[in-house]
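Chemist: Structure in structure tokens, see below.
The values are calculated or read from the model by the stated rules, or taken from the named source; none is laboratory data. These numbers come from a predicted model, not from an experiment. Methodologically, a virtual Cβ is constructed for each residue, glycine included, from the backbone with ideal geometry; neighbour enumeration extends over all protein chains shown. Areas reflect the complete protein model, heavy atoms only, side chains present, ligands, DNA and RNA absent. Shrake-Rupley method; radii C 1.70, N 1.55, O 1.52, S 1.80 Å.
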Amino acid sequence: MFIYRLEVTFEDESAAAVVVIHDSEEKAFRSAQNQIERHFIPVKSIKELAIVEKKPAEAGRSYVIES
């Protein structure tokens, strides 16, 4: 399993970060898209979604995300 940090840019040029845990990049993208759809009401159109960091999922692993 890996921790993936993805950055999403929306059609309105706003941005967000999504962190998911999965065993493949394909599943990480799918999960991130699902989380974005659940979080933003109404749903925002995604312009770009990219993995910017990938780490093994182990106790003590973490991210610092600046905004």
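Chemist: Starting from the 7 Å offset along Cα-to-Cβ, what nm value, one decimal, do you get for the label separation of V19 and V64?
Modeler: 1.3 nm
Chemist: Heavy atoms only, probe 1.4 Å: what % of the accessible area of the chain goes to carbon and sulfur, would you let me know?
Modeler: Numbers: 2270 of 4780 Å².
The value for the chain is 48 percent carbon and sulfur by accessible area.
Chemist: Relative contact order of the chain: what whole-number percent is it, with Cα pairs under 8 angstrom and at least 6 residues apart?
Modeler: 43 percent
Chemist: Same structure again: Can you tell me the alpha carbon radius of gyration of the chain divided by the globular rule-of-thumb value 2.2 N^0.38 Å? Before the final figure, lay out the partial values.
Modeler: Values: Rg = 12.1 Å, N = 67, 2.2 N^0.38 = 10.9 Å.
Dividing the Cα Rg of the chain by 2.2 N^0.38 Å gives 1.11.
Chemist: Quick one: Karplus J couplings for the range 35-49, per residue in order, coefficients 6.51, -1.76, 1.60, θ = phi - 60°, nearest Hz, x for Gly and Pro?
Modeler: 5, 4, 4, 6, 7, 9, 10, x, 5, 8, 6, 8, 8, 8, 9
Chemist: Under the Karplus relation 6.51 cos²θ - 1.76 cosθ + 1.60, θ = phi - 60°, what is the ordered set of whole-Hz ³J(HN,Hα) values for the range 17-27, x standing for Gly and Pro?
Modeler: 10, 10, 10, 9, 10, 7, 9, 8, 5, 4, 5
Chemist: Assign unit charges at the C-beta atoms only (+1 for Lys and Arg, -1 for Asp and Glu), then state the dipole size of the chain relative to its Cα centre in Debye, rounded to the nearest 20. Could you put the intermediate results ahead of the total?
Modeler: Working: 9 positive and 12 negative charges, 50 e Å.
Approximately 240 debye in magnitude.
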